[in-house]
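The values are calculated or read from the model by the stated rules, or taken from the named source; none is laboratory data. These numbers were taken from a predicted model, which means no experiment stands behind them. Cβ sites come from the backbone with ideal geometry, for glycine too, and all protein chains shown count toward neighbours.
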Ligand code: AMP
């Protein structure tokens with residue numbers, strides 16, 4: 001950009017310049033054209049032959065526009081006096097230029113002596129006749145500057161004293177340093193200083209999205225040049241410099257600091273979805289410590305790789321490890337996850353601030369898997385690889401006091417070194433869980449998980465007594481030994497698989513006598529029978545819940561061997577309900593169900609899967625409190641008259657068991673939930689037999705095809721819906737016991753919610769509508785229809801009851817109560833799963 005700003009240019013000004021010339025015979029304006037034949041204002045004077053010339057040409061007022069130094073460029077021709085015949089005495093070859101400052105235009109009447117002389121202007125070139133003959137104009141250019149100016153404007157004056165001059169153009173201008181962006185700072189247009197050698201210091205302002213590093217400055221020279229830049233601006237974080245501007249960093253790029261030169265791609269394992277990012281976020285499971293620069297890749301902490309076994313006993317494993325090399329920040333704590341090998345669904349988490357941990361309450365001679373990870377402010381790192389360590393078997397522990405095992409360093413390279421120990425053979429998979437005794441380091445926090453559910457601290461984990469080689473040891477770990485003399489047997493109340501069940505009284509020292517139930521082991525038992533019999537006590541003794549039958553103790557040191565439990569006056573729930581058909585309010589029944597659900601929640605929290613939950617295995621006391629009982633081991637199903645052998649060889653109570661447990665032996669708390677749904681049905685129908693007289697095979701088939709038990713008579717819709725939920729084919733869709741408890745709590749607290757009942761006739765008609773288009777032309781006879789719904793064998797019952805035609809079946813209405821009732825008890829219709837109340 002040209003640094004000059006014109007204040008006047010006689011060449012480009014096409015109108016009247018308004019200049020004044022005097023005396024009259026002095027300067028005169030002539031019409032001229034320039035070399036391009038453009039019209040120009042030319043003033044000339046040529047009074048060379050006359051004496052005492054004093055001809056003035058005054059410009060009009062020129063504003064200086066704030067400039068304090070202006071430049072005047074004159075273009076003129078001047079005749080060589082030598083070329084003029086006879087004029088030598090008076091002819092001049094110079095003229096004078098003056099200025100007069102004024103703030104306004106009213107300074108026209110100034111006297112000549114008030115003008116200040118700028119200079120005497122002489123020609124570099126003059127011209128002769130010959131030149132004129134060639135029609136070539138020899139133009140002289142002279143530039144003078146004036147300053148400092150102190151007023152707003154000025155007049156110029158040209159004085160001729162007897163020369164032959166043609167003033168072809170007058171240009172008045174000032175110089176400026178033009179606006180410029182240098183080092184991301186904007187320097188504005190700056191008029192040069194008044195002094196020709198002066199440098200004006202100018203401050204720059206940072207462009208958009210930039211910040212000052214050192215304040216930017218430059219110097220404007222009198223010539224209009226920017227000199228000596230000092231300081232600079234920098235694009236702020238998230239922006240980079242491009243073409244003297246700050247451009248935003250695109251998503252996927254970042255600039256952390258103004259000092260970084262440009263946006264950089266996010267480092268490995270990090271990302272940003274935003275523009276103008278100053279850092280990138282770590283991908284899930286990747287971390288960066290706070291002190292790490294944002295240019296650093298996100299990593300998973302160097303995993304903990306060196307773990308040492310420091311002490312192993314039959315029930316505990318102590319480990320120590322080294323802090324990882326690059327932990328991505330200060331390690332706040334370690335998380336140690338462990339579980340019994342192949343039992344990953346039931347695991348324990350210990351949080352420790354130390355690099356050591358002791359997992360106790362373990363089973364003897366069992367392999368445990370340990371994984372450790374560190375937590376920093378950035379979150380958790382990845383788990384270490386799995387370390388497999390075995391506890392000492394009971395037999396080894398007993399034979400030698402081998403509480404200290406030599407320290408063996410486990411490392412990635414060395415691999416797993418298994419202790420050469422005798423492994424106790426225990427096979428009941430799905431029942432093995434860790435058991436933690438609560439003696440813990442205060443720096444540690446221990447949590448148990450089962451099937452992804454957190455087990456609250458303080459809730460113990462069930463331990464399978466089978467893992468004890470010596471059943472006596474297990475039973476004494478979990479059950480108190482009672483002196484036979486403390487027990488008074490009163491009467492026989494039932495028959496168990498191993499012997500009579502009696503009622504009686506227990507008088508413990510310092511306590512008053514109270515009623516108990518006493519299970520006895522019949523004489524002539526085998527060792528296995530004794531083990532299995534006491535196995536129930538070993539299980540029951542681990543539980544402590546108001547809805548779980550409470551174990552008082554065992555008698556093993558004298559015969560008969562006995563298991564003593566709290567006494568449940570009303571015996572087993574199924575018998576009790578059958579005896580008291582229709583005697584309870586819906587709330588009372590719901591409360592019984594709530595108690596059972598609560599006991600089951602406790603069991604599932606402990607990682608215990610019951611496998612044989614049924615009303616016959618619930619005991620009820622005089623306060624109508626229901627308690628879960630019958631905690632057998634393998635014998636639980638042997639002992640249950642309902643249990644049938646499956647094709648897989650196991651004995652399963654088919655009607656109470658979830659399809660996946662029947663088909664694949666997949667017994668879980670979710671399969672217990674299915675059984676609970678059947679118990680609900682039993683309770684709400686006062687001990688009715690689920691699926692009535694249908695054969696086990698038919699039950700399996702019908703359930704597999706999506707049929708479900710219909711609602712019991714007068715059952716609240718909410719409770720039947722809960723049953724249907726428990727019977728979801730997908731076990732993960734079934735409610736959990738804690739959800740069942742809260743649902744029942746809610747219903748009990750709000751009895752009106754139990755008022756809407758499923759009407760039995762309604763449910764039967766629904767079944768017909770849903771799966772068998774009764775009344776439509778699809779079935780010609782009742783027999784055909786029953787065949788279609790796989791109930792052909794009930795045709796005879798239908799006929800006997802007067803339902804011989806499809807019309808008669810279709811006429812079952814809400815008013816038609818009795819046949820429906822009969823139906824629901826004799827026909828055993830099943831409900832399709834799609835049924836919605
Ligand atoms: P079980 O061998 O546990 O199935 O017990 C057989 C029968 O004895 C049960 O069906 C009950 O009728 C009765 N029974 C068992 N335990 C108790 C108890 N704690 N209180 C009252 N009756 C019990």
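Within segment 342-370, restricting attention to residues that are in a strand (DSSP E or B) and free of Cβ contacts under 8 Å to residues at least 60 places away in the same chain, the residue that is farthest from the chain's Cα centre (by Cα) is 367. Limited to segment 184-205, what total is found for residues that are buried (at least 20 other Cβ atoms within 10 Å of the Cβ), under 55 Å from the mean Cα position of the chain (by Cα) and within 18 Å of residue 173 (Cβ to Cβ)? Here the count works out to 0. Going through (1) within 53 Å of the chain's Cα centre (by Cα); (2) within 30 Å of residue 685 (Cα to Cα); (3) more than 13 Å from the ligand (Cβ to nearest atom) one by one, residue 468 falls short only on (2). For segment 626-645, the criterion of being part of a loop (DSSP other than H, G, I, E, B), out of contact with any helix residue (DSSP H, G or I) (no Cβ under 9 Å at 6 or more places or on another chain) and either at pLDDT 95 or above or within 13 Å of the ligand (Cβ to nearest atom) (or both) is met by no residue. Any chance segment 492-506 includes a residue that's farther than 17 Å from residue 550 by Cβ, within 13 Å of the ligand (Cβ to nearest atom) and in contact with a helix residue (DSSP H, G or I) (Cβ under 6 Å, 6 or more places away or on another chain)? Yes - at least one qualifying residue is present in segment 492-506. Per the listing 385, 373, the residue uniquely modelled with pLDDT of 50 or more and not in a strand (DSSP E or B) is 385. For segment 529-553, the set of residues classified as within 11 Å of the ligand (Cβ to nearest atom) and over 23 Å from residue 613 (Cα atoms) is empty. Look through 277, 257, 262 and report the one residue that is assigned to a loop (DSSP other than H, G, I, E, B), surrounded by 19 or more Cβ atoms within 10 Å (Cβ to Cβ) and out of contact with any helix residue (DSSP H, G or I) (no Cβ under 6 Å at 6 or more places or on another chain). From the options 277, 257, 262, the qualifying one is 277. Tell me whether segment 561-570 contains one or more residues that are touching a residue at least 60 places away in the same chain (Cβ under 8 Å) and closer than 19 Å to residue 676 by Cα. No. Taking (1) closer than 30 Å to residue 750 by Cα; (2) part of a loop (DSSP other than H, G, I, E, B) in turn, residue 721 satisfies each apart from (2). Where strands (runs of 3 or more DSSP E) sit wholly within segment 18-83, those with at least 2 residues that are closer than 13 Å to residue 169 by Cα occupy 28-33, 39-46, 70-78.
Go through 526, 585, 556, 565 for me and flag whichever is crowded, with 20+ Cβ neighbours inside 10 Å and away from the ligand (no atom under 16 Å from the Cβ). Give the derivation first.
Values: 526 fails: crowded, with 20+ Cβ neighbours inside 10 Å; 585 fails: crowded, with 20+ Cβ neighbours inside 10 Å; 565 fails: away from the ligand (no atom under 16 Å from the Cβ).
Selected residue: 556, the only one of 526, 585, 556, 565 that is crowded, with 20+ Cβ neighbours inside 10 Å and away from the ligand (no atom under 16 Å from the Cβ).
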